[in-house]
Amino acid sequence: MKAYSAMTAVLSWLRMVLWAGLGLQMFFVAQIALMRIIDPPSTAFERSQIWQILLQQGRLPWRQEWVDAAQISTNLKRAVMASEDSAFLQHNGVWWESIEKAWGRNEKAKAQAAQQAEKRADKKGGKASAATPAPVAKIVGGSTITQQLAKNWLLSGERTLLRKGQEFVLTLALEALLPKKRILEIYLNHVEWGEGVFGAEAAARHYFKKPAAQLSAWEAARLAVMLPRPRYFEKRPQSPYLAERTQTIVNRMNDVVAP
């Protein structure tokens with residue numbers, strides 16, 4: 001009898017968890033559906049950054065201004081796609097080929113890190129400690145524009161399997177409920193381009209003293225190259241990598257068609 005009561009309690013708890021999970025998904029889907037007609041004011045990532053800046057600096061140097069897709073230079077749309085997600089118009093939110101390549105790059109980086117650790121240990125006349133954990137390969141790259149929007153707008157920045165699964169579900173929902181043009185418009189208005197600098201309009205005015213509609217191909221490419229590490233490149237505007245990569249993206253932009 002006690003075993004039956006315990007099993008009943010467990011099943012009731014599981015049903016509650018499932019219903020709560022379903023309710024959360026419906027809440028997210030409703031938010032995404034509203035994004036067809038309502039411009040979202042902020043993302044979860046932006047709100048977390050606001051809090052961090054306030055705690056660290058006691059002030060809020062915040063720059064953001066929503067502009068419609070027509071007020072964002074086609075150069076910037078093409079540059080971001082060329083740099084971040086060249087197959088944006090072809091995939092359904094997840095670009096499996098890119099993820100596979102990213103895993104390959106990270107596995108190679110892991111092997112190189114392990115070799116370097118062994119060399120350092122040899123130079124010191126010893127061996128790498130068995131207690132020292134092996135370098136962990138992290139996925140760098142591979143995320144589509146839609147995945148980045150799902151992660152930044154709806155979710156926290158934690159790296160857990162559950163969060164990645166939720167990101168995948170929301171990515172598919174974004175693709176199913178919103179046209180590509182709208183996804184790109186929202187992404188460009190909320191992506192980070194420096195400390196407290198969010199969105200294409202704020203970035204264009206911060207770095208080039210002009211509206212996003214007037215960005216040249218080179219200016220757009222430079223902004224696009226900053227996206228993986230915007231705060232890093234904001235402090236290193238003369239980075240040789242930044243200049244070289246910018247020219248590469250300029251050359252690729254003609255192969256990309258913006259929605």
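Computed from the coordinates by the stated procedures, all read-outs in this text should not be read as laboratory data. The shown structure was predicted, so the numbers you read here are calculated from the model rather than taken from an experiment. Backbone-built Cβ (ideal geometry, glycine too); neighbour counts: all protein chains shown.
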For this session: Place the peptides 189-198, 20-29, 243-252 in order of packing, highest mean first, counting for every residue the other Cβ atoms within 10 Å and averaging per peptide.
Result: 189-198, 243-252, 20-29
Exercise. Arranged by the count of other C-beta atoms within 10 angstrom, fewest first, what order do ASP85, ASP255, ASP39 take?
Worked result: ASP255, ASP39, ASP85
For this session: Taking the Cβ of ALA258 as the centre, find all other residues whose Cβ is under 15 Å away and add up their charges (Lys, Arg: +1; Asp, Glu: -1).
Result: +1
Seminar exercise, completed: Between ARG163 and LEU18, the two model label points (7 Å from Cα along the beta-carbon direction) sit apart by a distance in nm of 2.8
Exercise. What shape does the stretch 1-88 have by the C-alpha gyration tensor, where a ≥ b ≥ c are the square roots of the eigenvalues, rounded means a/c under 1.5, and otherwise prolate means a/b greater than b/c and oblate the rest?
Worked result: prolate
Exercise. Share of Cα-Cα pairs in the stretch 168-247 beyond 22 Å, in percent?
Worked result: 30
Exercise. In what sequence do TRP19, TRP218 fall when counting other Cβ within 10 Å, fewest first?
Worked result: TRP19, TRP218
